[in-house]
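J.: Below are the structure tokens for one structure; questions will follow.
The values are calculated or read from the model by the stated rules, or taken from the named source; none is laboratory data. Quick caveat: nothing in here was measured; it's all calculated off a predicted structure. Here the Cβ is made from the backbone with ideal geometry for all residues, glycine too, and neighbour counts use every protein chain on show.
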Amino acid sequence: MSVRLSCMVVFAIAILLTSSLAVMFVFARQTVRGEALQNAEQTLAGTLQHIDNILLSVEQSAGNIYWDVLPHVNEPEKMEDYCRRLVQCNPYIVGCAIAFTPHYYADHDLFMTYVRRRGKSMMTTDKSDLVTTSTFGHRPYTEQAWFAEPIKKQRAIWSDPMKNEEVEGEALTTFSLPIFSREGKCVGVLAADVALSLLSQIVMAAKPSPNGYTTLLGRNGSYLVHPDTNKLLHETVYTQLEKGVGASVREAAEAMMAGKTGYKRFQLDGKDCYVFYKPFTRYEVPGRSMEKLGWSVGVVYPEDDIFGDYNKLLYYVLAIAIIGLLLFYVLCRSITHRQLLPLRMLTKSAQHIAEGNYNEMIPTTTREDEIGQLQRHFHQMQQALAAHVGELKQLTTVLKERSEVLQKVIKRTQEADRMKLTFLHNMTNQMIKPANAISESVETLCHMASKSASEKEDTTDVTEQAEEEVKTINAESKVITDLLNHLLDASDSEKGKGVRYGK
């Protein structure tokens, strides 16, 4: 009973606890999701500002050199110095090019000066770390987007990443400023290159979460910021979609390319992730070109980074709840077992009493609860039952003794009856002979009387003979009378015995 009662109590507590925990964790998950959204918004804003600060730094450095270049447009020998100054003064710039339209200089069909860092060196003043060339890429610079677009649009632009025209294997994005002559004609371009790997390294240094990362997509789907340098150099979002990624990844990529704001859940490498995204916008600064770049910035969080602590807390709480329920069961089992000990004792005592052990001793108790009252009442009942059984045993003994006496009396009575019958038979047998003699004498007298009347014989002889017969009748009658007297005496004697037995 204690086990069943303990299980019922623990089951009820488990249902209540489970319901409470379920409600708590549902609201907690909603709260965690809300905090994740808020943190993602803040991270997006911070990442966007961080990237924009880098771009603004490049724009300002290029603008400063640009104004130094304008008075010396017709001095091609100075272009290399300006390029070096720009690369050296800004650690984010890995290369600088100053190129002019064909035949701008009479003695040059094409003129271009390109200064770049050797390898991936950062800010340096050592000239040996800078390399000067007159070409860039495998095509004429006039056919390349960083030169052709600002000439065409006649304004400063940020070009999409160049993945097939990289320098020493690096993907680049370029800020280009059109150079105008004194007549207002666009005659050249000053371009500052930013390595995407360097930009990613700087942005990734501020991780949004232990396993999260930031990504920046260009208008053509190129990766400007991504932790995988292979994607920076060779892949775009579209090439990745062509590889057959999941529908969730496709939806997230299409939403980012469409310039939307929001978040999506998707699976990447078998892991559930969330991407929070918004269009990349630049802060307004006086004199800054504010054309829309068509970029989109996103922050990717693995679900474990968002709900990891929540899930751990869930496991901890479940483990604590299970251990608590087990301990509660043990405690409840112990308490109920102790509280129900009197009931088990009363059950055993009742079984013994039912088996006929009416003197079974039931201990007293000092408990004042219902079980204590039941034990005291059961004790009183057992004492009353034992007393009643004692009285019944005593009465049974008396009845048994009286029954034995009655049996003896009955036996004696039956013996007396048999003796009486025997006596009567004997007396009857003894009375048969006298009775027969009397009967014969009476018949003889009757015969003699009838004979004497018919034959008229001498009465003397008849009288004598009659007297003899009368004497015989008297004698036999006396015998019968004596026998009857003896019978009456025996009857009176038996009657007296019966009176004595009745007493």
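J.: Does Leu374 satisfy the criteria of being within 30 Å of Phe25 (Cβ to Cβ) and either at pLDDT below 70 or among the aliphatic types (A, V, I, L, M) (or both)?
T.: So Leu374 fails the test.
J.: Among residues belonging to region 85-134 that are of a type in the set (Asp, Glu) and more than 22 Å from Leu198 (Cβ to Cβ), point out the one that is modelled with the lowest pLDDT.
T.: Among those that are of a type in the set (Asp, Glu) and more than 22 Å from Leu198 (Cβ to Cβ), it is Asp107.
J.: Can you tell me which condition Glu368 does not meet? The list is (1) acidic (Asp, Glu); (2) modelled with pLDDT of 75 or more; (3) surrounded by fewer than 17 Cβ atoms within 10 Å (Cβ to Cβ), and all the others hold.
T.: For Glu368, the failing item is (2).
J.: On the given criteria, is Tyr310 of a type outside the set (Val, Ile, Thr), surrounded by 12 or more Cβ atoms within 10 Å (Cβ to Cβ), under 25 Å from Gly212 (Cα atoms) and under 24 Å from the mean Cα position of the chain (by Cα)?
T.: Yes.
J.: Check Phe280, Phe307, Phe328 and return the single one that is of a type in the set (A, V, I, L, M, F, W, C), in contact with a helix residue (DSSP H, G or I) (Cβ under 8 Å, 6 or more places away or on another chain) and outside the structural domain of Pro150 (by TED's automatic domain parsing).
T.: Working: Phe280 fails: outside the structural domain of Pro150 (by TED's automatic domain parsing); Phe307 fails: outside the structural domain of Pro150 (by TED's automatic domain parsing).
Of Phe280, Phe307, Phe328, the one residue that is of a type in the set (A, V, I, L, M, F, W, C), in contact with a helix residue (DSSP H, G or I) (Cβ under 8 Å, 6 or more places away or on another chain) and outside the structural domain of Pro150 (by TED's automatic domain parsing) is Phe328.
J.: Pairs, please: C-beta under 8 Å, at least 6 apart or cross-chain, first residue closer than 16 Å to Ser289 by Cα and in region 130-156, second assigned to a helix (DSSP H, G or I)?
T.: Ala156/Glu59; Ala156/Pro150
J.: Any residue at all in region 340-352 that is within 60 Å of the chain's Cα centre (by Cα), surrounded by 11 or more Cβ atoms within 10 Å (Cβ to Cβ), outside the structural domain of Leu483 (by TED's automatic domain parsing) and not in a helix (DSSP H, G or I)?
T.: Looking through region 340-352, at least one residue is within 60 Å of the chain's Cα centre (by Cα), surrounded by 11 or more Cβ atoms within 10 Å (Cβ to Cβ), outside the structural domain of Leu483 (by TED's automatic domain parsing) and not in a helix (DSSP H, G or I).
Residue by residue, here is whether (1) assigned to a helix (DSSP H, G or I); (2) at pLDDT 80 or above; (3) of a type in the set (A, V, I, L, M) holds:
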position	(1), (2), (3)
Ala22	yes, no, yes
Gln30	yes, no, no
Thr43	yes, no, no
Asn53	yes, yes, no
Leu70	yes, yes, yes
Glu77	yes, yes, no
Glu80	yes, yes, no
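J.: A further question on this structure: In this structure, is Val32 over 14 Å from Val189 (Cα atoms), aliphatic (A, V, I, L, M) and assigned by TED's automatic domain parsing to the domain that holds Gly188?
T.: Considered against the rule, which asks whether it is over 14 Å from Val189 (Cα atoms), aliphatic (A, V, I, L, M) and assigned by TED's automatic domain parsing to the domain that holds Gly188, Val32 comes out as yes.
J.: I'm trying to understand the selection: among the residues of region 1-56, which are of a type in the set (D, E, K, R) and under 30 Å from Asp160 (Cβ atoms)?
T.: Matches in region 1-56: Glu41, Asp52.
J.: Go through (1) within 30 Å of Ser200 (Cα to Cα); (2) in contact with a Pro (Cβ under 8 Å, 6 or more places away or on another chain) for Pro302 and report which single condition fails.
T.: Status for Pro302: all satisfied but (2).
J.: Quick one: Ile306 ticks every box in (1) modelled with pLDDT of 80 or more; (2) assigned to a helix (DSSP H, G or I); (3) in contact with a strand residue (DSSP E or B) (Cβ under 9 Å, 6 or more places away or on another chain) except a single one, so which number is it?
T.: (1)
J.: Using beta carbons and a limit of 7 Å, which pairs, at least six apart or on different chains, have the first residue in region 170-197 and closer than 20 Å to Leu110 by Cα and in the same structural domain as Asp160 (by TED's automatic domain parsing) and the second one outside any strand (DSSP E or B) and basic (Lys, Arg)?
T.: Within 7 Å, the pairs are Pro178/Arg155.
J.: On the basis of being in the same structural domain as Ala28 (by TED's automatic domain parsing), more than 30 Å from Phe175 (Cα to Cα) and of a type in the set (Lys, Arg), does Arg288 make the cut? Spell out the reasoning first.
T.: Values: in the same structural domain as Ala28 (by TED's automatic domain parsing): yes; more than 30 Å from Phe175 (Cα to Cα): no; of a type in the set (Lys, Arg): yes.
Judged against the criteria, Arg288 is not a match.
J.: Can you tell me which residues in region 388-433 are among the hydroxyl-bearing types (Ser, Thr, Tyr) and under 30 Å from His486 (Cβ atoms)?
T.: Looking only at region 388-433, we keep the residues that are among the hydroxyl-bearing types (Ser, Thr, Tyr), and these are 396-397, 403, 413, 422, 428.
Correct list: Thr413, Thr422, Thr428.
J.: To continue, here is another question. Anything in region 267-277 that is closer than 10 Å to Val300 by Cα and more than 28 Å from the chain's Cα centre (by Cα)? List them, or say none.
T.: To start, the set of residues in region 267-277 that are closer than 10 Å to Val300 by Cα comprises 273-277.
Residues satisfying the conditions are Val275, Phe276, Tyr277.
J.: What pairs come out if I take residues in region 44-73 that are of a type in the set (Asp, Glu) and pair them with residues that are part of a helix (DSSP H, G or I) and modelled with pLDDT of 90 or more whose C-beta lies under 9 Å away, six or more apart or interchain?
T.: Asp68/Tyr82; Asp68/Arg85
J.: Of (1) over 30 Å from Ser176 (Cα atoms); (2) not in a strand (DSSP E or B), Val285 satisfies all except one. Which?
T.: Only one criterion is unmet by Val285, namely (1).
J.: Return yes when Val187 is assigned to a strand (DSSP E or B) and either surrounded by fewer than 24 Cβ atoms within 10 Å (Cβ to Cβ) or at pLDDT below 80 (or both) and no when it is not.
T.: yes
J.: If you don't mind, there's one more thing I want to ask. Picking from Arg333, Arg376, which residue would you name as being in contact (Cβ under 8 Å) with a residue 40 or more places away in the chain and of a type in the set (D, E, K, R)?
T.: Arg333
J.: Specify which of the listed residues (Ala106, Ala97) is farther than 21 Å from Ser289 by Cβ, outside any helix (DSSP H, G or I), over 60 Å from the mean Cα position of the chain (by Cα) and among the small types (Gly, Ala, Ser).
T.: On inspection, the qualifying residue turns out to be Ala106.
J.: More than 30 Å from Val470 (Cβ to Cβ) and surrounded by 12 or more Cβ atoms within 10 Å (Cβ to Cβ) - does that describe any residue in region 424-444?
T.: Among the residues of region 424-444, not one is more than 30 Å from Val470 (Cβ to Cβ) and surrounded by 12 or more Cβ atoms within 10 Å (Cβ to Cβ), which makes the answer no.
J.: Which pairs do you get when a residue that is within 17 Å of Glu59 (Cα to Cα) and surrounded by 21 or more Cβ atoms within 10 Å (Cβ to Cβ), found in region 90-118, comes within reach of a residue that is at pLDDT below 90 and aromatic (Phe, Trp, Tyr), reach meaning Cβ atoms under 7 angstrom, with the pair 6+ apart or on two chains?
T.: Matching pairs, first to second residue: Ala97/Phe136.
J.: Does Leu293 satisfy the criteria of being in a loop (DSSP other than H, G, I, E, B), crowded, with 16+ Cβ neighbours inside 10 Å and more than 44 Å from the chain's Cα centre (by Cα)? Spell out the reasoning first.
T.: Values: in a loop (DSSP other than H, G, I, E, B): yes; crowded, with 16+ Cβ neighbours inside 10 Å: yes; more than 44 Å from the chain's Cα centre (by Cα): yes.
Yes; evaluated as a whole, the condition is true for this residue.
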